[in-house]
Amino acid sequence: MEKIYHVLVIDDDAVLTKTIEYGLKQRGFCVTISNSGRDALTLLKGGLDPDVILLDVVMPSMDGYETFENIQRIKSFPVIFISGKDDSTSELKGLTMGAMDYVTKPFIIDILVARINILLGVLYGESKETVERSSDGEPTSRTISIGETDTLSVALDHDKLDDMKELLTESEYRIGKRIALGYTNKEIAEELNYSYGYVKKVAYRIFDKLDIKKRTELRNFFTK
């Protein structure tokens, strides 16, 4: 029998948590909602044992960073920050603390589920994605499971790649392709042997050149 993964969502936005809960349950996840860090800690101390925790950063009384530190004192749970704070300092702080990923709001639920499935694949050794590569080892497409039957597929467009080669430096081009395919900055750094800080710096340089503000907008410049 296929394992049903349990996700704990910690966010004071009741409307958003309901949206996330519905989206995750539709894709086969078990979901528990907590609207504050303190309530979540009570649940975890009481024996709740989620496979993944989605944790908001900006919450009253106890913010996400403090909640994260307290969670890790209970058990080293895998945590993905979900936050409206999209500045590099906030993201870097979350990842430096030990979070597995950092997803900025607003997000597409399929992208969030794909990030969760990638993390589950890393944690439990189950392949949740397929990456096709060219003869030189560069990724050309990516298919990620987003549920029991659905997938999210992204493929690069050769004509658009040629346009980007003219506009971007070699490093910007290699990093930009991977962002368009849904790679996290951490994944890009590991695959290309770059430092995380360098990837962040280059990513913002790409956004500036293309006059965009979100990672998902970059997809239009690289994919079909």
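The values are calculated or read from the model by the stated rules, or taken from the named source; none is laboratory data. All values derive from a computational prediction rather than experimental measurement. Because the Cβ atoms are built from the backbone with ideal geometry, glycine has one as well, and the counts that use them run over all protein chains shown.
For (1) in contact with a Cys (Cβ under 7 Å, 6 or more places away or on another chain); (2) more than 30 Å from Q26 (Cα to Cα); (3) in a loop (DSSP other than H, G, I, E, B), each residue gets a yes or a no:
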{"position": "I144", "(1), (2), (3)": "no, no, no"}
{"position": "I179", "(1), (2), (3)": "no, no, no"}
{"position": "Y194", "(1), (2), (3)": "no, yes, yes"}
{"position": "K201", "(1), (2), (3)": "no, yes, no"}
{"position": "Y204", "(1), (2), (3)": "no, yes, no"}
**OP:** Determine whether N185 is of a type outside the set (V, I, T) and either on the phi > 0 side of the Ramachandran plot or in the same structural domain as I109 (by TED's automatic domain parsing) (or both).
**Re:** no
**OP:** Would you please list the contacts, defined by Cβ atoms under 7 Å and residues six or more apart or on different chains, that run from a residue in region 190-208 that is exposed (fewer than 14 other Cβ atoms within 10 Å of the Cβ) to a residue that is of a type in the set (A, V, I, L, M) and modelled with pLDDT under 90?
**Re:** S195/A189
Original post:
What residue, among those in region 61-89 that are assigned to a loop (DSSP other than H, G, I, E, B) and surrounded by 13 or more Cβ atoms within 10 Å (Cβ to Cβ), is modelled with the lowest pLDDT?
Top reply: D86
Subject >> Residue list for region 112-128, filter: surrounded by 16 or more Cβ atoms within 10 Å (Cβ to Cβ) and either modelled with pLDDT under 75 or among the charged types (D, E, K, R) (or both) >> reply: R115, K128
Original post:
If we scan region 212-222, do we find a residue that is closer than 27 Å to Y5 by Cβ, at pLDDT 85 or above and in a helix (DSSP H, G or I)?
Top reply: yes
Original post:
in contact with a Lys or Arg (Cβ under 8 Å, 6 or more places away or on another chain), exposed (fewer than 13 other Cβ atoms within 10 Å of the Cβ) and not small (G, A, S) - does that describe any residue in region 151-166?
Top reply: no
**OP:** Evaluate region 5-18: report whether one residue or more is of a type in the set (D, E) and surrounded by 18 or more Cβ atoms within 10 Å (Cβ to Cβ).
**Re:** yes
Subject >> Near pairs, Cβ below 6 angstrom, 6+ apart or cross-chain, from region 134-148 (surrounded by 10 or more Cβ atoms within 10 Å (Cβ to Cβ)) to any residue that is among the acidic types (D, E) and at pLDDT below 85 >> reply: I144/E129
Original post:
With L43, L55 as the choices, which residue is aliphatic (A, V, I, L, M), outside the structural domain of T184 (by TED's automatic domain parsing) and over 30 Å from E190 (Cα atoms)?
Top reply: L43
Original post:
Does any residue of region 156-163 turn out to be modelled with pLDDT under 90 and either part of a loop (DSSP other than H, G, I, E, B) or over 18 Å from the mean Cα position of the chain (by Cα) (or both)?
Top reply: no
Subject >> Positions within region 5-45 being out of contact with any Pro (no Cβ under 7 Å at 6 or more places or on another chain), farther than 20 Å from D63 by Cβ and of a type in the set (V, I, T), in sequence order >> reply: T19, V31
**OP:** Collect the residues in region 90-111 that are surrounded by 13 or more Cβ atoms within 10 Å (Cβ to Cβ), among the hydrophobic types (A, V, I, L, M, F, W, C) and part of a loop (DSSP other than H, G, I, E, B), keeping them in residue-number order.
**Re:** A99, M100, F107
**OP:** Among the residues of region 176-196, write down those that are within 15 Å of E217 (Cβ to Cβ) and among the β-branched types (V, I, T).
**Re:** I179
**OP:** Report whether or not T42 is under 29 Å from I179 (Cβ atoms) and hydroxyl-bearing (S, T, Y).
**Re:** no
